[in-house]
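The structure appears below as structure tokens.
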């Protein structure tokens, strides 16, 4: 089996909503399990029964995994919005990228950086989705 890389996001209690959103935006097949679907004896924590234990979206534009993070008793999880990370999606055409941007912005995402031709020759832009995740989109320019 060849190595693979799949980003994993621990959501602060809204993984179910987020993964259904990503399935709508990016397509693919969504597999999702909740803690209520499994025996929880032996866990070192008590998860909320409706919390997502694991989700994976694959076969569409992105492969993404995640679930609901479980905070320490009395604690909270930090929000996901941060400028220190993003997920880069490389597309073949400007039209394909604009289509993804339209789907994202049409469902509550905000433009963080307008999609345009960048000084280095690529088309590039950034969108922050309703869950605080920053998506960067790039279409490579002509290389010479």
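Here, each number is a calculation from the coordinates, and none is a lab measurement. Please read these numbers as outputs of a predicted model, since none were measured by experiment. So basically every Cβ, Gly included, is an ideal-geometry build from the backbone, and we count neighbours across all protein chains shown.
Things worth noting here:
- 222 nm mean residue ellipticity, helices alone, for the chain (DSSP H n ≥ 4; -39,500 (n - 2.57); rounded to 500): -5000 deg cm²/dmol
- Binning all Cα-Cα separations of the stretch 87-139 at 10 Å, short to long from zero, yields these whole-percent fractions: 29, 58, 13, 0.
- At full extension, residue 120 and residue 65 could sit 16.6 nm farther apart than now, given 0.36 nm per residue minus the alpha carbon distance.
- Relative contact order (%) - the stretch 87-139, alpha-carbon pairs under 8 angstrom, separation at least six: 42 percent
- Packing around the peptides 116-122, 59-65, 104-110, taken as the average count of other Cβ atoms within 10 Å per residue, puts them in this order, highest first: 59-65, 104-110, 116-122.
- Inter-site label distance for residue 58 and residue 136 at 7 Å from Cα along Cβ, in nm: 2.6 nm
- Protection proxy ranking, highest mean first, for peptides 88-96, 131-139: 131-139, 88-96, where packing is the per-residue count of other beta-carbon atoms within 10 Å, averaged.
- Ordering 38, 113, 32, 1 by the number of other Cβ atoms within 10 Å of each residue's own Cβ, fewest first, gives 1, 38, 113, 32.
- Taking the average, over residues, of other Cβ atoms within 10 Å as the packing measure, peptides 81-87, 71-77, 11-17 rank 11-17, 81-87, 71-77 from highest down.
- Which label in [x] 68, 41, 38; [y] 59, 36, 26; [z] 39, 35, 30 gives the computed Cα extents along the principal axes in Å: [y]
- Gain in span if fully extended, residue 90 to residue 10, counting 0.36 nm per residue against the direct Cα distance: 26.4 nm
- Between the stretch 111-144 and the stretch 46-70, the alpha-carbon center distance in angstrom: 26 Å
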